[in-house]
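Comments concern the structure below.
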Amino acid sequence: MKQAIQIGAGNIGRGFIGALLAQAGWQVTFADVVESILSELNSKHRYTVHILDREPGEITIENVDGVNSTSPEFTQKVAQCDLITTAVGPNVLPKIAGSIAAGIQERKAIGNTAPLNVICCENGLRTTTRLKNEVLKHLNEDETAFLEANIGFVDCAVDRICPKPNFENPLDAAVERYCEWDVERSAWKGEQVEIPGMTYADNLMAYLERKLFTLNSGHAICAYLGSLKSYRTILESIQDPAIGEIVHAAILESGEGLIRTFGFDPDVHHAYVEKIFARYQNPFLEDEVLRVGREPLRKLDPADRLIKPLVTAASYGLPVDHLLFGPAAALRFRCPEDPQSVDLLQKVQTEGPAAALEATTGLKPENPLFGRILDLYRALALAMK
C-alpha cells in the first residue's frame, strides 16, 4: 500500500486532500503538532467528511493515523513514504522545512532512491517551489543532488471550500461537493499515479491564477465587505445586494485580465465565473467571514488575491472599479483573534492608511490605483453602514 503524509490535520487536510488520498487506497498519516487531534487519529483511525451542499452526503475515511511533525517518528516516515502533501498555510511552510529536510537526509542515509513527490496544497502561487527553496537551506551539496535526482516538488492548484467544522466528533470535517486539484505534470518524479479528484496539468499557472483571481479574490472581497456590516457568514454577506453586486462585478473584471493573459475562451471563462459566484451562495455552508478574511497581510501581498488581479486588469487598461474594494476594505478588517489583522490595524492607526497600503501591497503613491484605493477606504466607513 502506498504511504502518504498529509502535513496539517486541519479541516482542509482531513476534509479535502487526506480524504482523497485515503479514498484512493493510500495509507495516510496526518502530521501535526496538536496532540489532541493526533490522539484521536491514533485511537479511532477513522472520521467522517460531511458534504454540505445541495446534494449532501457523508464519506467515511479509514486507515488513517497521526504523528507529531517535530518528532523522530516523522523523520522516519518521510524516509519511507511515497508522497507528502501539506495544508498548513503558506506562512507555516518555512517552519516545517527543517523536519522535511531531516527526513530527506535519513532517506539518503538508508539508500531509499524510490521517487518521492511533495505537493503543497495551499492558497498561493508556487508554494511548493517556495517550500523546496526552504528545504534546500538545510541540505549540503550531496543531499541536494539526492533531492534533485529522487524527489519531485510539485506545484498545484487546489479549490474546495472547507468551512470551520462544528461536529461532536473533533475529527469530522465539512466541505462543499465541488473540488479541484491540479498538479504540475512536468515536476512529478517517477510514474504518475492515479488519484480520483487529482488531475495533471501542463499549464499550471493558468489554473493557479484562474482560481486566485476568481474564487480567492471574490471570497476575500466578500469577507472584508461583510465584516464592515457585521455579517457572520459569507452567505449573509453575498445575499446583501450591495455586496453581491460588487463581488460579482469584481470577479468579472479580474476575469477580463485572465482572458488577455492566458487566452481563455471568453464564454468558457464567463461560465466559470458564474459557477464560482453560485458557490458563494451555497445555503448549507456556514463559512464564517472571519475565517475567510484572516491573514489580511498575506492577502494584500503583491502576488496574492487582492492586488495581483487588480494590477493585472489595470495593466491592460481594463475597468477595475469593483476590484478596488478588496484592498480598501481589507485595510478596515478587524479580527482580534488574528495576529495579522491586529498588526495591520496597528500599522493603519500608527502610520496612517497610506503608509500601511504602500507597505503591505507594494503599490507606490504615484500609481493611479493608490489614490483610488485610499479614496474608497475613506468612503467605505459611511457607504457600508
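The lysines within cross-link reach of Lys2, meaning a Cα-to-Cα straight distance under 24 Å and a gap of 8 or more places when in the same chain, are Lys44, Lys77, Lys108, Lys132, Lys189.
For segment 268-311, rounded, prolate or oblate, judged on the Cα gyration tensor with a ≥ b ≥ c (square roots of eigenvalues), a/c < 1.5 rounded, else prolate if a/b > b/c?
Working: a/c = 4.77, a/b = 1.18, b/c = 4.04.
Oblate shape, in that a/c is at least 1.5 and b/c is the bigger or equal ratio.
Note that segment 190-328 carries a Kirkwood radius of 15.5 Å, evaluated over its alpha carbons pair by pair. Charges were assigned to the Cβ only: +1 to each Lys and Arg, -1 to each Asp and Glu. The resulting dipole of segment 88-218 about its Cα centre is roughly 260 debye. Projecting the Cα atoms of Phe213, Pro56, Asn367 onto the charge dipole of the chain, computed from C-beta unit charges around the Cα centre, puts Asn367 farthest toward the positive end.
Spread over its residues, the convex hull of the C-alpha atoms of segment 171-226 is 137 Å³ per residue. In plain terms, the bigger the Kirkwood radius, the slower the diffusion; for segment 221-263, with that radius from Cα pairs, at 37 °C and 0.692 mPa s, Stokes-Einstein puts D at 299 µm²/s. Residues in segment 257-385 average 46 Å² of solvent-accessible surface per residue, probe 1.4 Å, ligands and nucleic acids excluded. For segment 300-344, treating each Cα as an identical point scatterer without solvent, what Debye log10 I(q)/I(0) comes out at q = 0.21, 0.26, 0.28, 0.29 1/Å? So the normalised log intensities are -0.71, -0.91, -0.98, -1.02. Counted over the chain, the DSSP beta bridges are approximately 30% antiparallel. Shape descriptor for segment 1-61: Rg over Rh equals 0.97 (Cα atoms; Rh from the Kirkwood inverse mean 1/r). In this view, the solvent-accessible surface of Glu35, computed with a 1.4 Å probe and all protein chains in place, comes to about 110 Å².
Per the Debye formula on identical point scatterers at the alpha carbon atoms of segment 340-385, with no solvent, log10 I(q)/I(0) at q = 0.28, 0.29 Å⁻¹ is -1.06, -1.08. About its Cα centre, the dipole of segment 146-209 is roughly 120 debye, where the only charges are +1 on Lys and Arg Cβ and -1 on Asp and Glu Cβ. Charge tally around Tyr316: other residues with Cβ under 15 Å, Lys/Arg +1 each, Asp/Glu -1 each, net -2.
For segment 143-183, the Stokes-Einstein estimate of translational diffusion at 20 °C and a viscosity of 1.002 mPa s comes to 160 µm²/s, using the Kirkwood hydrodynamic radius over alpha-carbon pairs. The Cα center of segment 303-358 and the Cα center of segment 131-195 differ in position by 28 Å.
Its Kirkwood hydrodynamic radius, worked out from the mean inverse distance over all distinct Cα pairs, puts segment 30-173 at 16.6 Å.
Taking every Cα-Cα distance in the chain and sorting them into 20 Å bins from zero, the calculated P(r) comes out as 28, 56, 16, 0 percent. Relative to its Kirkwood radius, the Cα radius of gyration of segment 9-104 gives an Rg/Rh of 0.98.
By the Stokes-Einstein formula, at 0.890 mPa s and 25 °C, segment 91-229 with its Kirkwood radius over alpha-carbon pairs has D equal to 143 µm²/s. With Cα atoms as the point set, the radius of gyration and Dmax of segment 253-385 evaluate to 15.8, 47 Å.
The values are calculated or read from the model by the stated rules, or taken from the named source; none is laboratory data. Nothing here was measured: the structure is a model prediction, and the numbers come from that model. Every residue, glycine among them, receives a Cβ derived from its backbone with ideal geometry; neighbour counts consider all protein chains shown. Side chains included, ligands, DNA and RNA excluded: accessible areas come from the protein's heavy atoms. Shrake-Rupley method; radii C 1.70, N 1.55, O 1.52, S 1.80 Å.
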